[in-house]
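Worksheet: one structure, shown below.
The values are calculated or read from the model by the stated rules, or taken from the named source; none is laboratory data. All of these numbers come straight from a predicted model, not from anything done at the bench. Cβ coordinates were reconstructed from backbone atoms using ideal geometry, including for glycine residues, and neighbour counts include every protein chain displayed. Protein only, heavy atoms only, side chains kept; ligands, DNA and RNA dropped before computing areas. Shrake-Rupley method; radii C 1.70, N 1.55, O 1.52, S 1.80 Å.
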Amino acid sequence: MSVKPRLRRGVRLTYDKVRETHVLLFPEGVLVPNKTAAAVLELCDGETSVADITEALGRKYRGVREADINGVLARLEERRVVEWT
């Protein structure tokens, strides 16, 4: 069984049309993720595994590696915006 990332309760990813960027809202503050992190966060639904996220992003971008996805998720977990199911 593989673990699946999801946004923690109270965390929401939204798109700011004025700034033309994603914004991650959470109880402790606001993050403006880079495009890579935003692409990963969009797939963090608690249903999609890291391998599936890697595969999905690999269809859109070249050179996507699972280790890189895990690195992004680890940094987001440290910020307490992502948890594992």
Among Arg19, Arg59, Arg75, determine the one that fluctuates most according to a GNM of the chain built with springs between C-alpha atoms less than 10 Å apart. Arg19
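Counting only protein heavy atoms, what percent of the accessible surface of the chain is carbon or sulfur at a 1.4 Å probe?
Numbers: 2750 of 5840 Å².
About 47 percent, which is the carbon plus sulfur part of the accessible surface.
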For segment 64-76, Karplus-derived ³J(HN,Hα) couplings (6.51, -1.76, 1.60; θ = phi - 60°; whole Hz; x for glycine and proline) come out as 6, 10, 4, 4, 5, 5, 4, x, 4, 5, 5, 5, 5
Based solely on C-alpha atoms, express the radius of gyration and the Dmax of segment 1-44 in angstrom. 11.2, 41
Of the GluC sites (Glu not before Pro) in segment 44-85, which ones lie in a loop per DSSP and count no more than 11 other C-beta atoms within 10 Å? Glu47
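So what is the diffusion coefficient of the chain in µm² per second by Stokes-Einstein at 20 °C and 1.002 mPa s, using a Kirkwood Rh over Cα pairs?
Values: Rh = 13.0 Å.
Answer, rounded: 165 µm²/s.
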For Lys4, counting only aspartates and glutamates whose alpha-carbon sits under 20 Å away and dropping same-chain residues fewer than eight positions off, the answer is Glu42, Asp45, Glu47, Asp52, Glu55, Glu66, Asp68, Glu77, Glu78, Glu83
Segment 34-85 to segment 12-28: how many Å between their Cα centroids? 17
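What accessible area per residue, rounded to a whole number of Å², is obtained for the chain using a probe radius of 1.4 Å? Can you show the working numbers first?
Values: 5840 Å² over 85 residues.
Each residue of the chain exposes 69 Å² on average to a 1.4 Å probe.
Can you tell me the relative contact order of the chain? Whole percent, Cα pairs under 8 Å, sequence separation 6 or more. Don't jump to the answer; show the numbers that get you there.
Details: 113 pairs, mean separation 32.5, N = 85.
Answer for the chain is 38 percent.
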